[in-house]
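The values are calculated or read from the model by the stated rules, or taken from the named source; none is laboratory data. Since we're looking at a predicted model, the values are computed, not measured. A quick note on method: Cβ atoms are made from the backbone with ideal geometry, for glycine too, and the neighbour counts reach across all protein chains shown. Just so you know, the surface numbers come from the protein's heavy atoms only, side chains and all, with ligands and any DNA or RNA stripped out. Shrake-Rupley method; radii C 1.70, N 1.55, O 1.52, S 1.80 Å.
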Amino acid sequence: MKDKKTSVNTKKTEQKTTGKKIGEFLESKAKIFGIILLVVIIGLLSYVIVTKVTENKVSKLLGELDAIKFELTDYTATPTDEEWTARFDKAKAAIAPYTQKSGIVGVRANLMLGDICATLENYTEAVTYYQAAADKKKNSYTYSFAYNQLAVCYEQLKDFEKAADAYKVASEDKDNRLKTHALFNYGRVLEQQGNIEAALEVYQKLVDEDPDNSYAMIAKTRILANEIKSK
């Protein structure tokens, strides 16, 4: 009985000693732990501040691009051809520096310049800007939009192979809100190239995925027309 009591007391003493040692250790290291905690807090605050500053800077730059666009498309007056040319030239010069920016600012700037060039029927130059917009942000809805615009430009340039490739990319992007449109155009350009078998496969895919879609309806007519033609 005595041995058992002695064992219990010894255990309690050891626990107190261990607890005391831990307490003394923490007390001796309190300054170090305080510094570490302070560093962590400062790090978190710095991240929040940097993120906020970055967001504010992006918003500011996007606002500047919107102002350029507003000035270009201001219809309060009816510009002459010469005035329109001057507007486009001024807008292109103003937007150009933003095209080198990263993220959404660079994407927006390149898309804007692509649109301006396409409007002026400078399709070769437009392709350069649309491609840059696509390359700058691949995990965004703007990616498929840029490729759709690329395809349109390539069609205008009579480069149907590249047009088909661009429509294909746009149709495969899960974030593309106009996926069925791009898919139909992919089939249409393949058909235009004379690649009927591949075109029919694309049309059928469109019909299978969304049979009630308006583009699927047109795809059905193209399938039927080619079947009749082949007989």
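Couplings 3J(HN,Hα) of the stretch 141-157, computed from phi: 4, 5, 4, 5, 4, 4, 5, 5, 5, 4, 4, 4, 5, 4, 4, 5, 8 Hz, in residue order, whole Hz [Karplus 6.51 cos²θ - 1.76 cosθ + 1.60, θ = phi - 60°; x for Gly and Pro].
In the assembled protein chains, Tyr129 presents an accessible area of approximately 50 Å² (probe radius 1.4 Å). Could you point to the residue in Ala216, Tyr129, Ile196 farthest towards the positive end of the stretch 111-229's charge dipole, with +1 and -1 charges on the Cβ of Lys/Arg and Asp/Glu respectively? The one lying farthest along the dipole's positive direction is Tyr129.
Cα-based radius of gyration for the stretch 99-153, normalised by 2.2 N^0.38 Å, reads 0.97.
Pairs over the 24 Å Cα-Cα cut-off, from the set Lys69/Lys174; Lys90/Lys137; Lys90/Lys168; Lys174/Lys229; Lys101/Lys138: Lys69/Lys174; Lys90/Lys137; Lys90/Lys168; Lys174/Lys229.
To the nearest Å, what is the center-to-center distance of the stretch 199-218 and the stretch 69-107, using C-alpha atoms only? If we compute the Cα centre of each part, the gap is 38 Å.
Of the accessible area of the stretch 77-231, computed with a 1.4 Å probe over protein heavy atoms only, carbon and sulfur atoms account for 51 percent. Taking only the C-alpha atoms of the stretch 174-216, the Rg (one decimal) and the largest Cα-Cα distance, Dmax (whole number), read 10.1, 30 Å.
Taken per residue, the accessible surface of the stretch 156-216 reaches 57 Å², heavy atoms only and a 1.4 Å probe.
A straight chain from Thr80 to Glu197 at 0.36 nm per residue would run longer than the Cα-Cα distance by 37.2 nm.
Rolling a 1.4 Å probe over the protein chains gives Asp115 an accessible area of about 60 Å².
Per-peptide packing, taken as the mean over residues of other Cβ atoms within 10 Å, places 91-98, 165-172 in the sequence 165-172, 91-98 from highest down. Across the stretch 133-214, the convex hull enclosing all Cα atoms gives 80 Å³ per residue.
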